[in-house]
Amino acid sequence: SVWMSFGFEPELYPNLAYPMPTERGVRVDFDLRTTWAWYLGDPVSCLVTSFEWLGFAVLGMAGRPVAAKYLLLGSMLVVALVIFGGAVGYAMAGSYRDSIFLWLCGCPILLFSTSGMVERWSLAVIGLYGLANIFSNIIRIFVLYEYTPKSISYMLSNSGFVAIIFFLGYYAMRRLTLRNARLLVLQDKTRYDAVWAQLMADPGDRSAVEELKSLADTLTGRATNLPRQRSRRRKSQQLHRTGLSIAQFLDRTGPREPPSEPGAPLTSLDQLYHQALVMYPLLRAKTLAWASGSGGFLARRPAHDEPVLMPDVPSLNNVFSRTMSFSRVPLRLPSDDTSSGYVRAAEMDAGMAEVHVKWCRLKNVKRMFEKLARSYNEDVSQLVDVCRQSIYFRSVLELRDCLDTMARDPDVVIERVKNRLDPSYNATETAGYRNVSLNLRLVDDRTRSLGVETHVCELQLLLIAMADIKNVMGHQRYITFRNLRGE
């Protein structure tokens with residue numbers, strides 16, 4: 001008969017008879033010594049697993065989650081290889097049932113140890129591991145051996161069944177969280193949808209939307225790759241007041257970028273932020289020019305807000321002048337208040353814009369880390385909206401004219417256009433909110449001399465009717481909606 005151990009107690013399978021000769025007088029020898037295949041498949045794998053979970057717990061309590069993760073996955077890979085070694089040993093000895101049994105044991109462990117290296121796949125891997133483990137147990141119980149009550153209780157108590165319960169519980173909680181997120185912004189979405197429906201009901205606006213879609217599709221077709229931040233070049237351009245070169249200024253205010261080939265994807269978050277700092281006044285000046293030429297508006301700075309103290313450009317009307325200086329005052333950025341109204345860009349010069357416009361601030365570091373962890377798999381080069389600005393319009397036609405003006409600007413390279421005013425766009429992803437978002441680079445003699453011609457910025461083109469709904473509380477609800485969705 002065949003014996004099989006589930007846990008610590010052996011189980012007898014009387015119907016699975018051991019093959020015996022039927023002729024009389026035939027000698028049958030039994031070797032009762034344990035084989036090396038059994039050592040690999042049972043005690044050695046259990047011993048490695050014990051040390052694996054012990055080390056995982058110790059490193060977790062010591063605050064070393066990354067080391068704990070790699071210890072767990074590495075040890076599971078070792079366990080799978082040890083089990084496969086036992087399976088090969090049984091096959092060499094002619095015990096094919098035991099060999100198949102160990103192959104089925106090791107495959108789910110190998111799947112988990114190799115796929116679990118990518119954290120964004122972790123939950124899917126847990127579900128696949130549970131299914132593979134349960135499937136292998138079904139094969140073992142109903143094909144290799146025979147059904148017994150003890151074998152079923154073993155299957156229901158092993159790690160595969162626990163993994164399935166965890167995965168289903170997480171999936172249910174995830175669906176509930178997404179439902180709560182949708183309910184949170186339902187009122188705002190209804191208002192956004194009403195503005196969009198009113199817009200599409202007007203023949204003139206509908207025609208402008210189609211023209212905008214055609215232009216956006218044309219610009220999107222020109223872009224061959226997704227926008228990425230690239231390595232900057234260091235120049236010896238002298239700053240007017242400090243006497244420092246741009247490279248020396250950045251070195252004094254942040255760590256050096258690791259050596260890389262020109263144009264290689266950027267890997268230093270510090271260098272990315274300092275590039276954005278240098279690009280900030282240049283993008284502001286361009287934004288003012290684009291808005292002035294297309295009838296656009298800029299956000300009005302509230303009376304209680306202080307002006308932005310940024311790198312001092314002597315003449316913002318001619319930002320690409322031959323000199324550029326950095327004031328020694330600390331960097332101060334505007335607040336997030338979006339309920340302060342708008343000012344027509346064409347009615348202001350650069351000096352007035354400094355005082356009356358609430359310019360968008362650089363993306364804060366907390367949000368950058370959130371996007372790196374949630375969306376970009378820690379790839380710094382995909383952060384293409386650290387330096388950003390916005391222009392507001394009363395009509396889609398004005399917005400379309402501004403986009404056309406930017407497309408014709410010889411100093412602008414448009415890397416990507418996200419046209420959320422496209423009728424086919426699913427506004428549920430943004431809680432009903434719609435705009436046109438561009439990723440672009442400013443490439444001219446000035447940006448080349450500053451070494452930021454590779455820096456990708458973001459410019460948002462918005463309708464005032466949409467922006468008015470996005471008040472302070474509405475924006476906070478959207479942030480909560482975004483966080484619940486893990487974006």
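The values are calculated or read from the model by the stated rules, or taken from the named source; none is laboratory data. Computed from a predicted structure; not experimentally measured. Using ideal geometry, Cβ is built from the backbone for each residue, glycine included, and neighbour counts are taken over all protein chains shown. With ligands, DNA and RNA removed, areas are computed over all heavy atoms of the protein, side chains included. Shrake-Rupley method; radii C 1.70, N 1.55, O 1.52, S 1.80 Å.
Some points to look at:
- Close pairs (6 angstrom Cβ cut-off, 6 or more residues apart or separate chains): touching a residue at least 60 places away in the same chain (Cβ under 8 Å) in segment 155-183, in a helix (DSSP H, G or I) anywhere: Thr177/Leu484; Ala181/Phe481; Ala181/Leu484
- Residues satisfying the stated conditions in segment 435-455, i.e. touching an Asp or Glu at 6+ places or on another chain (Cβ under 6 Å), open to solvent by less than 20 Å² (accessible area, probe 1.4 Å) and in a loop (DSSP other than H, G, I, E, B): Asp444
- Considering segment 354-412, and only residues there that are open to solvent by less than 10 Å² (accessible area, probe 1.4 Å) and over 20 Å from His455 (Cβ atoms), the residue that is modelled with the lowest pLDDT turns out to be Val357.
- Matching residues, segment 340-393, being under 16 Å from Leu459 (Cβ atoms), of a type in the set (A, V, I, L, M) and within 22 Å of the chain's Cα centre (by Cα): Leu362, Leu383, Val384, Val386
- In this entry, Leu72 is excluded by the filter for residues that are open to solvent by less than 60 Å² (accessible area, probe 1.4 Å), in contact (Cβ under 8 Å) with a residue 60 or more places away in the chain and under 39 Å from the mean Cα position of the chain (by Cα).
- Hits in segment 291-316 (condition: part of a helix (DSSP H, G or I) and either open to solvent by 10 Å² or more (accessible area, probe 1.4 Å) or at pLDDT below 85 (or both)): Ser292, Gly293, Leu316
- Checking Asp349 against (1) surrounded by 17 or more Cβ atoms within 10 Å (Cβ to Cβ); (2) modelled with pLDDT under 85; (3) touching a helix residue (DSSP H, G or I) at 6+ places or on another chain (Cβ under 7 Å), the condition it does not meet: (1)
- Hey, Leu183 part of a helix (DSSP H, G or I), under 30 Å from the mean Cα position of the chain (by Cα) and exposed (fewer than 13 other Cβ atoms within 10 Å of the Cβ) or not: yes
- 3 or more residues closer than 23 Å to Arg446 by Cβ and touching a residue at least 24 places away in the same chain (Cβ under 8 Å): qualifying helices (runs of 4 or more DSSP H) within segment 336-427: 350-356, 396-408
- Scanning segment 133-180 for residues that are at pLDDT below 80, of a type in the set (Phe, Trp, Tyr) and either within 21 Å of Ser113 (Cα to Cα) or open to solvent by 90 Å² or more (accessible area, probe 1.4 Å) (or both) returns Phe142, Tyr147.
Residues are listed down the side, and each one gets a yes or a no for (1) part of a helix (DSSP H, G or I); (2) over 34 Å from the mean Cα position of the chain (by Cα); (3) surrounded by 18 or more Cβ atoms within 10 Å (Cβ to Cβ); (4) not β-branched (Val, Ile, Thr):
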site	(1), (2), (3), (4)
Arg33	no, yes, no, yes
Leu40	yes, yes, yes, yes
Thr49	yes, no, no, no
Tyr90	yes, yes, yes, yes
Phe101	yes, yes, yes, yes
Gly130	yes, no, yes, yes
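- When Gly432 is tested against (1) at pLDDT 90 or above; (2) surrounded by 18 or more Cβ atoms within 10 Å (Cβ to Cβ), exactly one condition is not met: (1).
- Filtered residue count, segment 51-63, keeping only those that are in contact (Cβ under 8 Å) with a residue 24 or more places away in the chain and open to solvent by less than 70 Å² (accessible area, probe 1.4 Å): 1
- Taking segment 219-230 as the range and being open to solvent by less than 70 Å² (accessible area, probe 1.4 Å) and either in a loop (DSSP other than H, G, I, E, B) or at pLDDT 85 or above (or both) as the test, the residues that pass are Leu219, Ala223, Pro227, Gln229.
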